[in-house]
1. Of the beta bridges DSSP finds with both residues in segment 130-227, what % are antiparallel, to the nearest 5?
2. How large is the direction-averaged shadow of the alpha-carbon convex hull of segment 252-383, in nm²?
3. When all C-alpha to C-alpha distances in the chain are sorted into bins of 10 Å, what percent of pairs does each bin hold, rounded to whole numbers?
4. Any chance you could list P(r) for segment 106-255, counting all Cα-Cα pairs in 10 angstrom bins from zero, rounded to whole %?
5. Which of the trypsin sites (Lys or Arg not before Pro) across segment 248-278 are loop residues per DSSP, with 10 or fewer other Cβ within 10 Å?
6. Which of Leu346, Ser556, Gly37 sits farthest toward the positive end of the charge dipole of the chain, with +1 on the Cβ of Lys and Arg and -1 on the Cβ of Asp and Glu?
7. So for segment 121-214, taking the charge dipole from beta-carbon charges (+1 Lys/Arg, -1 Asp/Glu), which of Ile205, Met189, Tyr147 sits furthest toward the positive end?
8. Taking just the alpha carbons, could you work out the radius of gyration and Dmax for segment 196-297, both in angstroms?
Amino acid sequence: MILMKTVIIGGVAGGATTAARLRRRDDSAEIIIMEKGAYISYANCGLPYYIGDTIPERESLLLQTPEAMKSKFNIEVRIHNEVVEILPNDKKVRVWNHQTDEKYEESYDNLVIATGSSPLKPPIPGIDADNIFQLWTIPDTDAIKNYIQTHHPKKAAVIGGGFIGLEMAENLHAAGLSVSLIEMQNQVMAPLDLEMANLIHENLIMNQVELILEDGVKEFHQQENKTQIELNSGKIIEADMIILSIGIRPNSQLAKDAQLLLNKRGGIVVNEYLETSQPDIYAVGDVIEVKNLIHQEPTMIPLAGPANKQARILADNLVGDHKIYKGSLGTAVAKVFDLTAASVGLNEKQCQATGQKRGQDYETIIINQKSHAGYYPGATPLTLKMIFTREGKILGGQIVGVDGADKRIDTLASTIRLGGSIYDLAELELAYAPPYSSAKDPVNMLGFVAENVIRHMVSFLYPSDIDEIMEDIDRQKEIIVLDVTEDVERMVFAIPGSEHIPLGQLRDRMQELDKNKWIIPYCAVGVRSYNAARMLSANGFERVSVLAGGTAFYKSMHYKDRNNTAMVQQENQMNSEDTACAEDISKEIRLIDCCGLQCPGPIMRVNKEMTDLKEKEMIRVKATDMGFAADIDAWCRRTGNTLVA
Ligand code: FAD
């Protein structure tokens, strides 16, 4: 019997998984992992949470040790051993043992490249200062944690608003630092479209993160232990420590030197069996190019899920299977302060980048739903966006919310993966009980609404579309932005220039509206406005479009206009002014639990409670809808009440 010798370069997600699966398939194979660092198989995805103390024990990040790999799996792990050259013709690798400084050659029958990727560090002046960090490995994590514990920094700046940058912003905030987040693009979290990212922007600001968009770092100026970050705009941000999180590149120099085929971004090109362009050399993980399952074009998707799945397929192929890695949808999820943001497939920016147009080549919907039945405590809003073709093919989805975004994106990802259409979404039979979902799950709702769009039962306008029309005086005259909410809601917020007929009065008052105009009904989340649109269409109004996502979404799109900083300052001032008053009345607090109510629900409750509130009595409201925090301030100002805190 011929014993196969497999050498694996890289001992974390892709490398360690390949090795373990290979051992389970072939007990006699010789397996050697070469890892240049000191750790293998660690939880890199958990590193930010150790910094923020959500994961308190460092040991929990270390999933395997070289010793355990030897004793449990008979896999030889050589840490501190960096492969510095691949010699494909000799079927050998050249290795540098960092501990002994020895260089040696190791032969292989099969070679697996699982070298991952590395964070970018552009040549910005001052970037090498001791208080500027990157987070990629366990030593990086130790360095950051150590710096926080020994230097007690008060202010951090995170450069880059990708998911690692955002996780770091949250965890540094959790560690007690005030945080500035600087991002060169006009939005954080590139897999989301701008309007969905705005929900994250708003929440970052609500959590006192100083968010700076569309500005890059020009230079770092050191001043004792402080750094002045000079931005391209000329703005200066001061920070005691800085985290760089501005993108990654595949670790493919070895492959390049060995003449393996690479793509333009440096990703190793592999076929469907994960074979590189050289015989007996395979590659998995962040370092490879994969096929995007939506449009079948090559792309890079550096995520742990694909790396693990590729590793399993590859290990099986190494023992003679012919399994195919079909490609990736880039399904991703991240927690950002109070919100979870998740995405799958293509976003609208990607569709537009290939020259496609909404309404022509694809359609989009944005809907607001609850995480579970509204009447069961704790329901929170979810905003869902889906992109699909008029034939019903799902191109991608994005979900942002406090709870339940992960399970909905997974349902969407599974449906796409199995070739399902928007009609399948409508038919999916999903588990339901009030604490978990609604009888019509948000994913079913995506299917229903998409079908309505395809059947021309409803058309949507987006906040940006309305802004564009409102800026043009001539076009402004052609439309009626129609608020169909109740009076109390209008006290909190109204789109400038809108007319008001509550839904309950619309049937009797629709003659007030000019049939020649384009009517754009809106409400808080989009349900009443949809009903208004159907009513108007059935009564001879030919041009009716619903404001997608309602005012909840519209307000998030205009979070900058609401001048949050000013609002926070005003609240702080009110807090101090009212401290005496609050102390005075603190024994007479009435608690209203509005958890689970979606805006305007909490405001309506507050409004009702206020009617029989006695002078100097105070109410404390508990709510789970993020919009309430902004709405209550506006409502108090308009009704002559005082927002204590
Ligand atoms: P890695 O796991 O990075 O392993 C590559 C290994 O190869 C490294 O240990 C490196 O030292 C070693 N190596 C490189 N060159 C050589 C050489 N020449 N010789 C020897 N060894 C070498 N993904 C998600 O899906 N969800 C998340 O929530 C998530 N969070 C993350 C958070 C952080 C902080 C980080 C850093 C990554 C996160 N990722 C997440 C990404 C995920 O960790 C990667 O996609 C995944 O680890 C890729 O696996 P890989 O095997 O290709 O590379």
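1. Here the share of antiparallel DSSP bridges comes out near 20 percent.
2. On the way: hull surface 47.0 nm².
That works out to 11.8 nm², a quarter of the Cα hull's surface.
3. Per 10 Å bin, starting at 0, the Cα pair percentages come out as 3, 14, 22, 24, 19, 11, 6, 2, 0, 0.
4. All Cα pairs, binned at 10 Å, distribute as 11, 39, 33, 12, 5, 1 percent.
5. Lys264
6. Value computed over the given set: Leu346.
7. Of the candidates, Tyr147 comes out farthest on the positive side.
8. Calculated on Cα positions, Rg and Dmax stand at 20.5, 54 Å.
The values are calculated or read from the model by the stated rules, or taken from the named source; none is laboratory data. This structure is a prediction, so every number in the text was calculated from the model and none was measured. Glycine gets a Cβ as well: all are built from the backbone with ideal geometry, and neighbour counts include every protein chain shown. Accessible surface areas use protein heavy atoms only, side chains included; no ligands, DNA or RNA. Shrake-Rupley method; radii C 1.70, N 1.55, O 1.52, S 1.80 Å.
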